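Shown next, in structure tokens, is the structure this report addresses.
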Amino acid sequence: MRATLLDALGTIVALERPWPHLVDELRARGVNVSADDARRAMLAEMAYYRDNHDDASDVAGLEDLRRRCAAIIKDELGVPLAVAEVEEAMLAAIRFRPYPEVPRVLAALRERGSAIVVVSNWDVSLHDVLDRTGLRPLVDAVVTSAEFGAAKPDPAIFAHALALAGGVPAGEAVHAGDSVEADVAGARAAGIRPVLVARDGEVAPAGVRAIATLEGLICG
């Protein structure tokens, strides 16, 4: 393949469970909450974020979205802290890590001459996440739905990724992601061969290859 397009969350990076970290971060700020309450608050925040992440197409939008997310946590927990303090705790609790095989696979794909583009329904902060996890130097380009203005499964975002890969034709590209609805359906609509990253054993639709880890892109 001349181009490999990759989803981000669940494909190349994992989100650590944030609520235990939120408990610790709030405790460090003099507030004690239970693990169950922290989980409930974080799940409410995450649901709101999923519905609104494309508002954060630039730094100002990201700052506004983060304040709104922190306000949800503050309201859910009823903590006696300013929203800015809750935001600090929230951001410290949200931690990403690359899956163990990902750096090795990205290097192998590069050695084979494949352009690598991350295509994700994410806000502008994905660039920082990839920097912090050490993955940004291993990919050629990054497309976020917030910055592009369209989200997977819209084929337009895949077409843009192919353009960033050097104008690679859709038939000479593969897209790997963990969502049947966003990744598999979107890639198919764009004429790109999809691969389902089924880390938790998801069943792929008929005719779609499933891999347990990203290692499957370079093996078999």
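Per the Debye formula with a single identical scatterer at each Cα and no solvent contribution, what log10 I(q)/I(0) holds for the stretch 43-189 at q = 0.10, 0.15 Å⁻¹?
The Debye formula, applied to the Cα set alone, gives -0.41, -0.85.
Looking at the P(r) of the stretch 17-94, how many percent of alpha-carbon pairs lie beyond 17 Å?
On the way: 1101 of 3003 pairs.
So the portion of pairs separated by more than 17 Å is 37 percent.
Within the stretch 104-201, list the trypsin sites (Lys or Arg not before Pro) lying in a DSSP loop whose Cβ has at most 16 other Cβ atoms in a 10 Å radius.
On the way: sites: ARG104, ARG110, ARG112, ARG132, ARG188, ARG199; in loops: ARG112, ARG199.
Within the stretch 104-201, the qualifying trypsin sites (Lys or Arg not before Pro) (loop, at most 16 other Cβ atoms within 10 Å) are ARG112, ARG199.
Give the residue list of GluC sites (Glu not before Pro) in the stretch 1-91 that are DSSP loop and have at most 14 other beta-carbon atoms within 10 angstrom.
Numbers: sites: GLU16, GLU25, GLU45, GLU63, GLU76, GLU85, GLU87, GLU88; in loops: GLU16.
Passing both the DSSP loop test and the Cβ count: GLU16.
Relative contact order of the chain: what whole-number percent is it, with Cα pairs under 8 angstrom and at least 6 residues apart? It would help to have the intermediate numbers written out before the result.
Values: 400 pairs, mean separation 53.8, N = 220.
About 24 percent, as a whole number.
Relative contact order for the stretch 1-91 using alpha-carbon pairs under 8 Å, separation at least 6, rounded to a whole percent?
Details: 72 pairs, mean separation 22.8, N = 91.
Worked out over the stretch 1-91, it gives 25 percent.
Under a GNM of the chain (C-alpha, springs under 10 Å), which listed residue has the highest mean-square fluctuation: ILE12, ILE192, ILE72?
ILE72
Give me the net charge for the shell around VAL139: Cβ to Cβ below 13 angstrom, other residues only, Lys and Arg +1, Asp and Glu -1.
Values: positive: ARG110, ARG136; negative: ASP7, ASP131, ASP140.
For residues surrounding VAL139, the net value is -1.
In debye, nearest 20, what is the charge dipole magnitude of the chain about its Cα centre with +1 on Lys and Arg Cβ and -1 on Asp and Glu Cβ, if you could check?
Numbers: 23 positive and 33 negative charges, 137 e Å.
Computed about the Cα centre, the dipole is about 660 debye.
Since every read-out is calculated from the coordinates, none of them should be taken as a lab result. No experiment lies behind these values; they were computed from the predicted model shown. Backbone-built Cβ (ideal geometry, glycine too); neighbour counts: all protein chains shown.
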